[in-house]
1. Within the stretch 105-116, does at least one residue satisfy the condition of being modelled with pLDDT of 90 or more, more than 16 Å from Val179 (Cα to Cα) and open to solvent by less than 40 Å² (accessible area, probe 1.4 Å)?
2. Please determine whether any residue of the stretch 117-136 is β-branched (Val, Ile, Thr) and assigned to a loop (DSSP other than H, G, I, E, B).
3. Collect the residues in the stretch 86-116 that are in a strand (DSSP E or B) and farther than 18 Å from Pro200 by Cα, keeping them in residue-number order.
4. Cβ-Cβ distance below 7 Å, separation of 6 or more or different chains: which pairs start in the stretch 125-147 with a residue that is under 18 Å from Ser191 (Cα atoms) and end on one that is surrounded by fewer than 17 Cβ atoms within 10 Å (Cβ to Cβ) and β-branched (Val, Ile, Thr)?
5. Quick one: in the stretch 28-43, which of the residues that are assigned to a loop (DSSP other than H, G, I, E, B) and among the aliphatic types (A, V, I, L, M) is modelled with the lowest pLDDT?
6. When the residues of the stretch 79-91 are filtered to those that are farther than 17 Å from Ala166 by Cβ and under 16 Å from the mean Cα position of the chain (by Cα), which remaining residue is surrounded by the most Cβ atoms within 10 Å (Cβ to Cβ)?
7. Within the group Val102, Val120, Val128, Val141, which residue is open to solvent by 40 Å² or more (accessible area, probe 1.4 Å), at negative phi and more than 17 Å from the chain's Cα centre (by Cα)?
Amino acid sequence: MGSRASKLARAQVTEWLTPLADRFPSVRFKREIILEGGDQDRVTPTLAEVARAAGGSAFSTIQEEALDSGRVDVIVHSLKDLPTAAYEGTTLLTMPGPREDVRDVLCGATLDELPRGARVGTGAPRCVAQPLALRPDLKVVPIRGNVPGRLARIKGQDRLHAVVPAAAGLNRLGLTPEVHEVLDPDVFPPSPGQGALGLPGVPAVTDLAAPSSSPRGWTSA
């Protein structure tokens, strides 16, 4: 199983793997950590620039190459961060269990509490445009990084008044702060696929969907 190295990536692997390991007790599952361009380049300010330099996606290209080379059999990822078109020779597995909360969350303040000219940190162009549509006075600061790192910037030297992560990541990590506002999806439409696990895999892994069989090509313990 390929995944990124963050705490959220580990939580998503556990979410997918726990019921699967119970279902196939004779199969040994191994996690392979794969660093993407967006993980290795922490200097470039925007993910769009990172993606251009990587020649693909900032968060999935290297993992897709690992699938293609046979280094891994399946990727455990956030569906919203995967390209719309499936990588050639792979298939998207069925997502396990219910989808997480699809909404975004303003952390550190509520919209009404934000003072005029407040500094709000986010990295996605969608999350930049939506708050400014309601509050043109806000100053949106481009930030990148994992969920704990972004939350830390509320009280850090940047003096951000708030940041805007996804509810799904906060819930999976148990990191929703006391002061927050879950944003109305009718006003702040979420990213397509937000809250869902994306599971690209090689064709043999589709056997995981068959309740009476063991997955072909996987090593028994």
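The values are calculated or read from the model by the stated rules, or taken from the named source; none is laboratory data. None of these values were measured; they are calculated from a predicted model. Heads up, the Cβs are rebuilt from the backbone with ideal geometry, glycines too, and the neighbour counts pull from every protein chain shown. Side chains included, ligands, DNA and RNA excluded: accessible areas come from the protein's heavy atoms. Shrake-Rupley method; radii C 1.70, N 1.55, O 1.52, S 1.80 Å.
1. Initially, the stretch 105-116 is screened for residues modelled with pLDDT of 90 or more, giving 105-116.
Checking the rest, the ones that are also more than 16 Å from Val179 (Cα to Cα) come to 116.
Checking which are open to solvent by less than 40 Å² (accessible area, probe 1.4 Å) leaves us with none.
No, the stretch 105-116 has no match at all.
2. Taking the stretch 117-136 first, the residues β-branched (Val, Ile, Thr) are 120, 122, 128.
Applying the additional criterion that residues be assigned to a loop (DSSP other than H, G, I, E, B) yields none.
Scanning the stretch 117-136 turns up no residue that is β-branched (Val, Ile, Thr) and assigned to a loop (DSSP other than H, G, I, E, B).
3. Residues of the stretch 86-116 that are in a strand (DSSP E or B), as a first pass: 91-92, 104-107.
Matches in the stretch 86-116: Asp104, Val105, Leu106, Cys107.
4. From residues that are under 18 Å from Ser191 (Cα atoms), the pairs are Pro142/Thr46.
5. Start the filter on the stretch 28-43 by keeping residues that are assigned to a loop (DSSP other than H, G, I, E, B), which leaves 28-31, 34-36, 41-43.
Still in the running and among the aliphatic types (A, V, I, L, M): 34-35, 43.
Values: Ile34: 95, Leu35: 91, Val43: 68.
So the residue we want is Val43.
6. Applying the first criterion (farther than 17 Å from Ala166 by Cβ) to the stretch 79-91 yields 83-91.
Filter again for under 16 Å from the mean Cα position of the chain (by Cα), leaving 83-84.
On the way: Pro83: 14, Thr84: 6.
In this case the residue turns out to be Pro83.
7. Values: Val102 fails: more than 17 Å from the chain's Cα centre (by Cα); Val120 fails: open to solvent by 40 Å² or more (accessible area, probe 1.4 Å); Val141 fails: open to solvent by 40 Å² or more (accessible area, probe 1.4 Å).
The match here is Val128.
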